[in-house]
Structure formats: C-alpha cells, structure tokens
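Bear in mind that the values in this text are calculations on the coordinates, not laboratory data. From a predicted model like this one, the values you see are computed outputs, not experimental measurements. Glycine gets a Cβ as well: all are built from the backbone with ideal geometry, and neighbour counts include every protein chain shown.
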Amino acid sequence: MISIINTDFHMWFVLAVTAFAVYFFAREKYPMEVTSVGILMALLLFGQIFPVPDANGRNLIDAYHLLAGFANPALLSVLALLVMGQAIIRTDSLRPLIQLFVKSGFLPPWLSIFFILLFVLSFSAFLNNTPLVILAIPIMQALAVSAGLSDSKIMMPLSFAAILGGMMTLVGSSTNLLVSSAMVELGYEALGFFDFFVPGAMLAAVGLAYVVFILPFFMPNRKSLTQSLRGDEKEFVAELDVTEDSVLVDMECVDGRFPLLPDLDVRLIQRQGHLILPPFEGYRIEKGDIIIAAATRDALADILSKYPGFLLSDEEVKAIDDKEKTPAPEEEEEGGKPADLEQSVAETRILAELMIPPASRFVDMTIDQVDFLRQFGTIVLGIQRRARVVRRRLGRIRLEPGDVLLVAGPQGTVNEMRGQNSDVIVLSGSKKELPIPKKAPVAGFIFLMTVLLASTGVLSIAVASFSGAVLLIATGCLNIRQATRAIDRKIIFLVGSMLALGVALQATGGAEFIASLLLKVPFADQPLFMAGMLFILVAFCTNILSNNACAILFTPIAMNMAVNMGADPIVFAITVIFAANCSFASPIGYKTNLLVMGPGHYRFKDFMRAGIPLVLILWVAYIVIAKFYYGL
C-alpha cells in the first residue's frame with residue numbers, strides 16, 4: 001500500500017472522476033449502471049493504492065467506507081417503496097378512486113381533469129409517482145375524448161403534477177431520501193417526514209397554477225395522430241355464459257349497455273336456441289343466456305380480474321389453479337415432492353395473445369376441438385378477426401390463419417409456448433399480468449399504516465417501508481418475483497456509486513474546494529443569493545443528469561457552502577431537494593416524463609419549451625420562500 005502525503009493529488013483525482021461521471025451520465029453513451037460500476041471500480045482501486053489516512057491512520061476511502069452506501073437505510077427505503085408501488089398497481093388499489101372522476105356525471109370533463117391532476121399531485125407526496133401516472137394515463141385519455149381535447153394537451157401536465165407532488169414530503173421522491181441520507185453520512189441528523197412540507201406545498205401550488213392555466217398554451221395539438229392510433233385498438237370477440245347464480249341475471253339493458261358490462265359491445269345473445277340481435281333495449285339477461293360480445297383486451301382483463309365467473313367456469317378456474325400448483329416432472333425431487341413448491345404456487349396468472357400461423361395444424365379446427373386447456377393449460381377468452389364480425393359461440397369458431405386469440409393462464413405455461421410450439425405464436429409484448437382487485441383493501445390498509453407510522457415517527461422510514469413491503473408479499477398482494485422485478489437495478493448501482501463519490505469528495509476535500517470556488521463569485525457573502533444560485537445550478541444539472549445523481553453529488557457541496565458562510569446547512573440541503581426535483585425541461589430528467597412522451601406524442605423540444613419556464617418560475621418562487629419563510 002502506497003501512502004501519498006500530498007492530498008491535492010487525491011482531491012484532483014476525485015474531481016476528475018466527478019467530471020467523467022457528469023460527462024458519461026449526460027451523454028448516455030453507456031447504460032447508467034455500467035457508468036456507475038465503472039466509477040465505483042475507479043474509486044475502490046484508487047483508495048486501495050493511494051489511501052487517505054485520518055488522525056488514527058485509518059484509510060478514509062477504503063472499501064468499507066466506499067461500499068457503505070449499498071447498506072444505506074435510504075437505499076433500502078427507496079427499494080421498499082418501489083415494491084409497495086408495484087403492489088398498488090397489481091391490486092388496482094387507486095383505480096376506484098381515480099375512476100370516480102370519470103364515472104361521476106355531475107362534473108364537466110375539464111373539471112375532472114383538474115381534480116385528477118390535484119389527486120396525482122397529492123398522492124405523489126406519499127407514494128412513488130410512477131404507478132400513479134400509469135393508472136391515470138388511460139383515465140386522462142378518456143376524459144380528453146369527452147372534453148374534445150387531444151392527449152398532447154393533458155399528458156405533460158399529468159407528469160409535471162406528479163413531479164411537483166414529490167417535493168412535499170421525505171418519501172415523495174427517492175431524491176429526497178437520498179439527500180437526507182447524504183446528510184447523515186456528513187454527520188447531520190436525518191430530515192423528518194414533514195420537515196419541508198410547507199415550503200414544498202407552496203412550490204407545488206405555484207407549479208400547479210402554471211400547469212393548469214399556462215402550460216396548455218405551450219402544448220402542441222396533435223389530435224389527428226392521437227385519434228388514428230386510438231382507433232386502431234384491437235377488439236376480441238368473447239363469450240359469457242350466464243349461470244344460475246350469476247349477478248348478471250335479471251340485468252336490464254339501459255342506453256344500449258348492460259351496467260356491469262359497460263365496456264363490452266354485445267353482438268348477440270343466444271337464448272334457448274334462439275338468437276337475439278341488437279338493439280337490446282328493454283331486454284333482461286336470463287340464466288342460461290350465452291352472450292357474444294366484442295371488447296378490448298383491457299376491458300376483458302378488467303372483467304376477468306373482477307368477475308372471473310363471467311368468462312371462466314368454476315372448472316376452468318380450478319384447472320388453471322391446478323396447473324399453477326403442479327410442478328413440471330423435472331422440478332420434482334425424490335419422493336414426488338416439488339423442488340420449489342412456493343415458486344409454483346406463486347406463479348403469476350397473465351393474459352397473452354396467440355396468433356395462428358398459416359402452417360398451423362389448428363387451422364380449420366374449432367376452438368373446442370383444439371382444447372387449449374388440455375394441451376397448454378390456458379383458457380381462450382376471445383378471438384380477434386379483422387376480416388368479419390364473428391357471431392357465434394366461441395368454441396364453435398373455426399380458426400383461420402392470422403386469427404389472434406386472447407388467452408389466460410399461468411406465466412410459466414405461456415412462456416413454454418413461446419418458441420416450442422409451431423402451431424401458435426406468442427405475440428411479442430402481449431403478455432400482461434392480471435390485477436387482483438380483491439386484495440386492494442389489504443394493500444390500501446398496509447400502505448396507509450406504513451405512511452402513518454413513518455410520518456408520526458413511531459417507526460423510521462426504512463423500517464416502516466421494509467415492513468410494509470414484506471407484509472404486501474406475505475398477504476399475497478404480489479409475489480416475490482413481482483417484488484424483485486419492481487426493484488430498479490439502476491437505482492441500486494447509481495445510489496451506491498454516487499454515495500461512494502460523495503464520501504471520496506468529502507474525505508479528499510473536493511466538496512470543500514468546489515464550495516470555496518462558488519463562494520468567490522460576487523455577493524457570495526449573502527446566503528439568499530447563494531441559495532438562489534445553488535438552486536438554479538442543481539435545477540439545470542438535474543435535467544441533464546439523473547435527479548438522484550444530482551441530489552447525492554450536490555448535497556456535500558451545499559452543506560460546505562452553508563458552513564463556510566455561517567448559514568443553516570439544513571436550508572441548503574432542502575434547496576438541493578427542491579432543485580433536484582425540477583426535472584421538467586427534459587424527457588430523460590424523470591421517469592414520468594418518459595411515460596407520457598408516447599401517449600402525448602411529444603418531442604424533446606416540447607419538454608424544453610414547456611419545462612424551462614416552469615423551472616424559472618419555481619426558482620423565483622423559491623427565492624421568495626427562502627427570504628420570507630427561512631429568513632435568509
């Protein structure tokens with residue numbers, strides 16, 4: 001081990017690594033996790049060869065100190081919150097609330113859009129905003145049709161509202177947790193759950209006013225493109241058998257729709273050998289009826305998750321469950337016991353689309369003759385055929401080349417069909433997990449208790465979020481596979497490497513050096529001016545780099561600035577939080593921007609045109625808040 005006395009050498013090396021990190025994160029030539037691992041490797045090798053000893057001779061940049069970020073409670077909290085967000089999606093816990101704005105007829109569509117934006121902003125303070133935006137996108141699209149608006153007018157406001165809501169509490173964004181974690185690494189106390197709620201709510205209110213009243217004027221109107229894409233949504237012909245105890249019995253058609261089947265276009269009702277064709281106004285469903293209807297994949301998935309008896313018989317449900325719980329022969333150990341019973345029981349039930357190729361032996365066979373349940377362990381829910389409207393029982397339809405079947409079954413079974421059977425083709429990207437709304441009350445209760453315990457200080461955020469994630473898995477709201485898929489490896493590597501870089505900057509004096517350079521600008525002795533300058537600098541960088549990287553990178557610099565000028569370091573840390581959340585001017589700045597880019601048909605310049613004014617408005621608003629609320 002070589003010891004270098006001149007600490008300037010260490011500082012300049014770490015600053016060079018920081019510059020390379022900024023460059024590669026901004027260029028995105030390599031995946032973010034690859035850049036993160038490269039930074040970590042460079043720091044580990046440098047710390048091993050050129051140690052920085054403290055007063056007791058202990059190396060401040062050894063592997064113990066540099067890798068401590070991977071065991072950071074804030075990182076655990078972020079990952080646990082991602083798992084909880086996935087459980088909210090899997091159980092559709094928030095959909096009944098958000099659909100109230102669509103189902104209630106007393107609110108005009110434009111007012112419903114406003115309340116959904118307010119809803120997303122409010123809940124983003126307590127929940128990962130990515131699942132909120134995913135849930136809200138189809139609702140906003142439906143409201144856009146009712147209001148006569150194009151999707152491009154409302155999708156970016158949805159993303160911006162979600163980002164603004166994340167400024168209000170400690171768990172509103174992973175950025176906030178990481179700043180608090182960096183403060184702990186520097187020897188300060190962690191931020192409390194509501195420590196910056198009031199100024200954060202002020203900024204969110206200013207931002208929401210811009211989003212509602214000004215932002216729509218910056219948005220392009222690409223209505224014709226949106227309409228053409230929406231009109232291309234595929235419909236499947238499905239069959240519903242009405243049993244004696246079905247809730248559909250005695251349901252009357254009102255305004256051309258049956259109340260429990262609002263999204264289904266009923267084409268035909270077969271009753272005791274007779275055919276009833278539309279219109280069905282005044283007709284009531286009777287036991288034994290067979291309903292032939294057309295519906296989109298999402299509509300059928302919604303029915304299957306809420307009322308599986310409409311599409312599947314008790315025998316079919318039991319058959320799928322048995323298929324899920326029965327391991328393959330090669331998965332059994334001696335004595336006939338499953339090698340991984342837990343894995344097979346927790347198998348995810350999904351929807352998938354199968355296409356019939358021209359050379360398939362199933363061509364000209366009826367669906368009943370193929371018997372998908374016996375051959376593949378899947379149930380056919382519907383068939384999509386563009387050539388003509390199908391008006392017959394599903395099982396009697398003869399398959400033709402190009403037919404697309406919508407099937408339900410265990411994920412493992414559907415995966416086995418891909419590439420191993422030339423008679424059907426599993427369409428790429430068609431697999432979709434079915435939600436389990438019956439678990440929504442459980443997931444909602446666990447989520448609310450987690451927030452309550454964390455916000456009141458009964459449990460720390462790390463303990464509360466981890467316990468909540470474990471309880472959601474234990475209660476079946478999601479399985480272990482879904483939980484692990486919810487964990488973003490980019491966050492793990494990014495946080496670990498950036499915390500290591502922060503440790504190196506602090507140990508070698510790099511953070512203090514950067515802070516001293518910033519203090520040489522004019523008016524550097526005025527905390528209000530420096531806070532404003534820090535805000536706009538971080539806000540600029542967060543639209544080029546990731547917000548998490550900016551949070552960890554600038555926190556030690558901000559704390560050093562505050563100490564050097566005699567200001568409150570906590571205020572400067574909160575400044576970093578607010579600024580790092582200003583990811584409005586770039587689609588790569590935040591995940592929700594990427595989510596709405598497709599539905600809104602946006603271009604990169606659309607975010608710049610709409611986001612830069614918002615960043616500047618929030619900058620001015622923060623300076624006012626820093627002056628009168630924090631007394632800088």
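Computed quantities for the displayed model
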quantity	calculated
Taking Val426, Val407, Val145 and counting other C-beta atoms within 10 Å, the order from fewest to most	Val145, Val426, Val407
Sites Asp568 and Ile617, calculated FRET efficiency, Cβ-Cβ separation with R0 30 Å, nearest 0.05	0.75
Restraint check, Lys29/Lys591; Lys490/Lys591; Lys153/Lys605; Lys439/Lys591, Cα-Cα greater than 20 Å	Lys439/Lys591
Label-point gap, in nm, between Asp54 and Arg396 - each point 7 angstrom along Cα→Cβ	8.2 nm
Separation of the Asp525 and Ala16 label points, Cα + 7 Å toward Cβ, nm	3.7 nm
DSSP-assigned coil residues among trypsin sites (Lys or Arg not before Pro) in the stretch 474-570, each with at most 14 further Cβ atoms within 10 Å	Lys520
Phe445 versus Met608: modelled label distance in nm, points set 7 Å from Cα along the beta carbon direction	5.2 nm
